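Participant: Have a look at the structure that comes next, please.
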Amino acid sequence: MASQLLCFLVLLTLTTICKSKSCHPNDLKGLQDFKSGIHSDTSGRLSKWIGRNCCKWEGIFCSNVTKRVVSISLPGLYTSDDAPIQSAMEGELSPSITLINYLEVINIGDLLGITGKIPSSIGLHLPNLRKLNFVRNRFTGALPESICMLSKLEELYLQENGFSGFIPWCIGGVKNLRRMDVHSNKLSGVIPESITKLKKLESLCLEENFLTGDIPENIGNLQELKEVDLSNNSLTGIIPRSISRLKFMSVLYLNSNQLEGDIPLPSKPGKLSSLSFVRLQNNQLSGTIPSSIGYLTSLQRVSLANNQLKGSIPSSIGNLKLLEMLYLSCNQLSGQLPRSIGGISELIYLSISHNMIEGPLPREISSLSNLQSLDLSFNRLNMSTIPKWLMQLPSLSQIYLAGCEIHGEIPDYIPKSLLELDLSANHLSGRIPAWIGSFSQIYSLNLSKNKFVSEIPSTVTNLDILGVLDLHSNKLDGSVNAVFQIKSRFAEGSLTYLDLSDNNFSSGVEQIGMGGQQHIQHLNLSHNFLKGRLPTSVGTLKTLQTLDLSYNGLGANLPTSLANVTVLERLMLHKNQFTGRIPEEFLKLNKLKELNLSDNLLEGKIPYGKPFLDFPQSSFSGNRGLCGKPLLPCKS
């Protein structure tokens with residue numbers, strides 16, 4: 001009898017051990033089907049899913065109480081031995097994942113290559129789900145309505161996928177939701193009014209979709225909201241006044257929509273007291289900048305650019321002691337800059353370009369010791385000269401004074417430590433000074449649309465990190481040689497944009513593609529008096545996207561080597577004296593979107609095929625010897 005009892009106990013123990021080392025059948029089936037749907041896993045984590053004890057598998061966590069799987073955590077971004085790793089998986093999400101019905105967390109974000117849809121029954125079968133992370137994959141389809149049944153869901157991350165359709169009308173049923181991020185998808189329709197029932201919501205990010213309609217009027221009911229980003233949609237209507245009730249909100253991004261009406265700021269202090277970052281640019285907002293903006297003393301970055309705002313900049317803006325960035329460009333603002341602006345001691349970026357701001361500039365600007373970037377372009381400042389005190393701002397590295405009615409020569413007190421300088425569309429005259437070569441850190445130099453004469457100084461070759469050089473529409477002459485001999489700290493050169501058009505240059509075209517500047521993407525030498533032949537070295541500019549040499553006196557054959565510039569999108573060679581045939585090799589230029597070879601001395605048959613078949617007759621007219629499509633057929 002004792003031996004029988006012992007055998008029974010041993011058998012019972014073995015059975016318990018076996019059971020303890022095996023997953024619940026539903027969990028095992030769901031995980032095995034998930035693994036089967038993935039055909040590539042660069043991390044190798046799924047290859048370790050062996051046996052039936054899935055609670056020991058990497059990325060799987062089970063409850064100590066129920067022994068059921070409660071978490072699948074296989075993020076694409078993770079650390080191993082304190083080193084960051086970006087892994088990827090490719091395959092399709094199995095709908096069997098809903099068999100794991102004790103799941104609280106699904107984190108398969110940043111895996112880049114998982115496809116499929118959110119299972120339509122997710123809300124029915126995963127009632128305990130608290131976190132769902134599908135970010136940065138290739139999921140498609142609609143957000144299923146059953147998602148509204150996930151009453152315990154706190155975090156929903158679906159951004160950077162291909163989801164489409166509407167946000168479920170019943171989304172307000174996810175009553176514990178704290179964070180919702182579905183940005184960069186293809187969602188359309190309106191933002192459901194029920195979203196204003198999510199009383200615990202702290203972060204709402206719906207940017208970069210195709211959403212339309214109004215912002216829900218009662219968005220101010222979401223008293224826990226800290227972050228709202230609805231930018232880059234097609235939202236219309238006004239900004240709801242209830243938004244001023246959001247006492248914890250620090251981020252408000254509504255930019256790049258079609259919103260109209262005025263800016264609804266609170267009329268008394270104490271509201272929106274946490275608001276730090278505001279983007280309302282690229283809308284159709286009107287009215288004035290309310291003087292009550294001075295109550296929002298937590299503001300750090302504000303952009304109201306590209307709207308229809310009128311009136312003056314309120315002096316209360318000087319109360320914003322924490323403000324670092326202020327963008328007001330492309331409005332209809334008038335009056336003078338308030339003297340109080342000098343009190344914004346933390347200001348780093350100030351842009352008021354393309355308004356109707358009048359001079360004189362308040363001397364208080366000289367107190368802005370942290371100011372790095374200043375854009376005053378295209379206002380009614382009538383500066384006449386560049387104030388010396390303005391150039392003595394200690395942190396200034398970018399200054400844009402285009403269209404400021406500046407006369408005379410470039411003053412030598414401009415700081416040589418600038419990274420960007422724009423003095424275009426003024427009345428500057430005389431020579432470009434030789435000391436321009438002392439700008440040892442300059443990346444962008446724009447002196448276009450002035451009255452500069454004589455040659456480009458040879459010292460320009462010292463600008464060894466120059467990326468943008470724009471001298472178009474002046475009266476410069478001589479050779480363009482110097483710009484192609486600019487030294488560079490980089491292997492293929494730093495220069496990407498070069499515009500010398502609308503001047504009186506006559507030589508130096510043979511230097512194109514010579515020297516160290518091999519990274520030019522935009523080259524415009526049109527409307528000059530350049531002569532000679534286009535050198536074969538032009539074919540070495542492998543990144544060139546735009547080449548405009550029109551309205552010159554260039555001749556000889558078109559270089560076959562130009563066909564090596566396979567990324568070329570715009571080729572303008574009209575109004576020259578090029579001769580010979582169009583090289584057959586030009587058919588390799590399959591990225592070409594704009595072509596003009598008209599009014600030259602070209603002859604022979606136009607190469608047949610794309611991209612030439614895409615261009616009209618006007619691209620080839622005025623060459624008496626040319627024939628073939630799209631011109632008249634060649635004579636046999």
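Participant: Restricting to Cα atoms and excluding each atom paired with itself, what does the Kirkwood estimate give for the chain in Å?
Facilitator: One over the average 1/r among Cα pairs gives 29.8 Å for the chain.
Participant: With a cut-off of 8 Å between alpha carbons and a minimum separation of six or more residues, what is the relative contact order of segment 531-635 in percent?
Facilitator: It comes to 21 percent, rounded to a whole number.
Participant: Now for a separate question. Considering only DSSP states other than H, G, I, E and B, which GluC sites (Glu not before Pro) in segment 204-249 qualify as loop sites with at most 16 other Cβ atoms within 10 Å?
Facilitator: Passing both the DSSP loop test and the Cβ count: Glu217, Glu224.
Participant: Under the rule a/c < 1.5 gives rounded, and otherwise a/b versus b/c splits prolate from oblate, where does segment 183-273 land using the Cα gyration tensor?
Facilitator: prolate
Participant: With a 1.4 Å probe and all protein chains left in place, how much of the accessible area of the chain comes from carbon and sulfur atoms, in whole percent?
Facilitator: Of the solvent-accessible surface of the chain, carbon and sulfur hold 51 percent.
Participant: Using alpha-carbon pairs under 8 Å, 6+ residues apart, how would you state the relative contact order of the chain in percent?
Facilitator: The normalised contact order for the chain reaches 4 percent.
Participant: Could you go through segment 119-125 in sequence order and give the Karplus-derived ³J(HN,Hα) for each residue, using 6.51 cos²θ - 1.76 cosθ + 1.60 with θ = phi - 60°, rounded to whole Hz, and x for Gly and Pro?
Facilitator: Per residue, the Karplus-derived 3J(HN,Hα) values read x, 4, 9, 4, x, 7, 9 Hz.
Participant: In Å and whole numbers, how far do the C-alpha atoms of segment 371-527 stretch along each principal axis, longest first?
Facilitator: Over segment 371-527, Cα extents along the principal axes are 42, 30, 24 Å.
Participant: What's the angle, to the nearest 10 degrees (0 to 90), between helix 25-37's Cα axis and the longest principal axis of the chain?
Facilitator: For 25-37 against the chain, the angle is about 20 degrees.
Participant: A follow-up question, please. What's the local net charge at Ser292, with K and R +1, D and E -1, over the other residues with C-beta under 14 Å away?
Facilitator: The answer is +2.
Participant: Now a separate question. Can you give the % of DSSP beta bridges in the chain that are antiparallel, to the nearest 5?
Facilitator: Of those bridges, close to 10 percent are antiparallel.
Participant: Right, here's the next one. Checking the a/c ratio against 1.5 first, then a/b against b/c, what shape does the Cα gyration tensor give for segment 531-635?
Facilitator: Note, shape of segment 531-635 comes out oblate.
Participant: Between segment 118-173 and segment 378-406, how far is it from one alpha carbon centroid to the other, in angstrom?
Facilitator: One Cα centre to the other: 52 Å.
Participant: Additional query: Which of the trypsin sites (Lys or Arg not before Pro) across segment 424-486 are loop residues per DSSP, with 13 or fewer other Cβ within 10 Å? Could you put the intermediate results ahead of the total?
Facilitator: Details: sites: Arg431, Lys449, Lys451, Lys475; in loops: Lys449.
Listed in order of number, the matching sites amount to none.
Participant: Under a 1.4 Å probe, what is the accessible area of segment 531-635 per residue, stated in Å²? Please report the intermediate quantities before stating the final value.
Facilitator: Details: 5100 Å² over 105 residues.
It amounts to 49 Å² per residue over segment 531-635.
Participant: Now, a different point. According to the Kirkwood expression over distinct Cα-Cα pairs, how big is the hydrodynamic radius of segment 281-381, in Å?
Facilitator: The answer is 13.3 Å.
Participant: So, for segment 281-381, what is the accessible surface per residue at a probe of 1.4 Å, expressed in square angstrom?
Facilitator: 39
Participant: Once you keep just the Cα pairs under 8 angstrom separated by 6 or more residues, what percentage relative contact order results for segment 281-381?
Facilitator: 23
Participant: Same structure again: Specify the inter-centroid distance of segment 491-530 and segment 279-316, based on alpha-carbon positions, in whole Å.
Facilitator: So the separation of the two Cα centres works out to 42 Å.
Participant: Show which aspartates and glutamates lie in cross-link reach of Lys610 when reach means a straight Cα distance below 18 angstrom and same-chain residues fewer than eight apart are skipped.
Facilitator: Glu569, Glu584, Glu585, Glu594
Participant: Taking the Cα centroid of segment 444-462 and of segment 617-636, what is the distance between the two, rounded to the nearest whole Å?
Facilitator: Cα centres, segment 444-462 to segment 617-636: 40 Å.
The values are calculated or read from the model by the stated rules, or taken from the named source; none is laboratory data. These numbers were taken from a predicted model, which means no experiment stands behind them. A quick note on method: Cβ atoms are made from the backbone with ideal geometry, for glycine too, and the neighbour counts reach across all protein chains shown. With ligands, DNA and RNA removed, areas are computed over all heavy atoms of the protein, side chains included. Shrake-Rupley method; radii C 1.70, N 1.55, O 1.52, S 1.80 Å.
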